[in-house]
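First up is the structure itself, then whatever we jot down about it.
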Amino acid sequence: MTTLRRISSSDNVSRADAVRARRKQQETQKTWTAARTVSHTRALPERTPTSPSWKRRGAAGTTRRWNAAAPAVGGLPSFQSLAHALPHIQLSWKMASAALVMMLGSLLFHILSSSQYFITSINLAGAQYIPGEELYDASGVHHLNILWLDPAQIERNVETVPGIKEAHVEVRWPNQVFVIVEEQVPVLAWSQGGQTMWVDAEGRVFPARGQLSGLLPIMVDDANYPLTPDSRIPVEVIAGALQLKQLRNNIELLHYDAKNGLSYQDGRNWRGYFGTGAEMDVKLVVYETLIENLLARGIHPSAVSVIDEDAPVYRR
């Protein structure tokens, strides 16, 4: 049987007080916990985006929040620790940049001041007639630092030397300059106006570099003006002279004049005239045939011309 107990008024009052005391204690703990979790929160009055004050204040009216008391979540560093670390990272990059600049500056100073980076000679190839000292002086590299060298400019400098057809330049560290030249090959020694110049197979004139054995000399009889590097000898004159020398290797000197072309003093005491061009083989046959005929008739000529091989002439 259940026993019923009557609740007195005093008991009722005591329970009500206890409930109120418990609720007050819970509210106090809740307020304390919220204060530890989020602090310094300032709530702003609501504003609509269209209100004038919203437009005027803009982002300055947003809620700012600090959460210094909250622990790090998931092992990630807190914002405070990152804020302290960033100045140290920036300082390290500044120090690294300064060290790099100092290192590069020291390297540049070493290159600009050390003698091992300055040019005192060149490696020359292809020069047979022109002295290396002349090409070195013309190159313009003497005592220059390797940083100031321009291979294209050096090539242009070398190609200004008379007798140089083409030049190729390569620069290598720390102080090497390689120069390869292609010279004009002399085939004739052309004497005119008291001056002797060399001539290549294309008729270009350039200074003679001493005495060259086997080079056929040509003496100009009707011109007293000197040649220049811009002068050109007709190609047909060169071709005829070389062919005559090939066919008569005992020829030691040829003469030239604008009217009669090439000629030489025959050892039998007359002058033979041959004109120009590469038909000297035919002209020599006509020449010898005419000489044989004249001598057979007792005629001793002073000059024989086969400039026109179809109409040879002679003079007593």
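Data overview
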read-out	value
Any hit, the range 166-186, residues being closer than 30 Å to Asn224 by Cα, out of contact with any Asp or Glu (no Cβ under 8 Å at 6 or more places or on another chain) and among the polar types (S, T, N, Q)	no
Pair list, Cβ under 8 Å, 6 or more apart: the range 156-175 residue within 21 Å of Phe206 (Cβ to Cβ), other residue in a strand (DSSP E or B) and small (Gly, Ala, Ser)	Val158/Ala167; Glu159/Ala167
Residue selected from the range 105-130 under the condition closer than 27 Å to Leu147 by Cβ and of a type in the set (Val, Ile, Thr), by the criterion modelled with the lowest pLDDT	Ile111
Residue tally, condition buried (at least 17 other Cβ atoms within 10 Å of the Cβ) and of a type in the set (Ser, Thr, Tyr), over the range 280-316	3
Search result, residues across the range 126-173 that are in a strand (DSSP E or B) and surrounded by fewer than 18 Cβ atoms within 10 Å (Cβ to Cβ)	Asn145, Lys165, Glu166, His168, Glu170, Val171, Arg172
Qualifying residue in the range 94-104 (condition: at pLDDT 95 or above and assigned to a helix (DSSP H, G or I))	no
Pairs, first at pLDDT 90 or above in the range 217-233, second part of a strand (DSSP E or B) and of a type in the set (Gly, Ala, Ser), C-beta under 8 Å, six or more apart	Pro217/Ala189; Pro217/Ser191; Ile218/Ala189; Ile218/Ser191; Met219/Ser191; Val220/Ser191
Unique residue being assigned to a strand (DSSP E or B) and under 44 Å from the mean Cα position of the chain (by Cα) when the list is Ala239, Ala189	Ala189
Residue within the range 178-185 that is loosely packed, with under 15 Cβ neighbours inside 10 Å, assigned to a strand (DSSP E or B), in contact (Cβ under 8 Å) with a residue 24 or more places away in the chain and in contact with a Gly (Cβ under 8 Å, 6 or more places away or on another chain) present	yes
Scan of the range 252-274 for residues that are assigned to a loop (DSSP other than H, G, I, E, B) and buried (at least 16 other Cβ atoms within 10 Å of the Cβ), ordered by number	Asn260
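The values are calculated or read from the model by the stated rules, or taken from the named source; none is laboratory data. As the structure is a computational prediction, the values presented were derived from the model and not from experiment. As a convention, Cβ positions derive from the backbone with ideal geometry for all residues, glycine included, and neighbour counts pool all protein chains shown.
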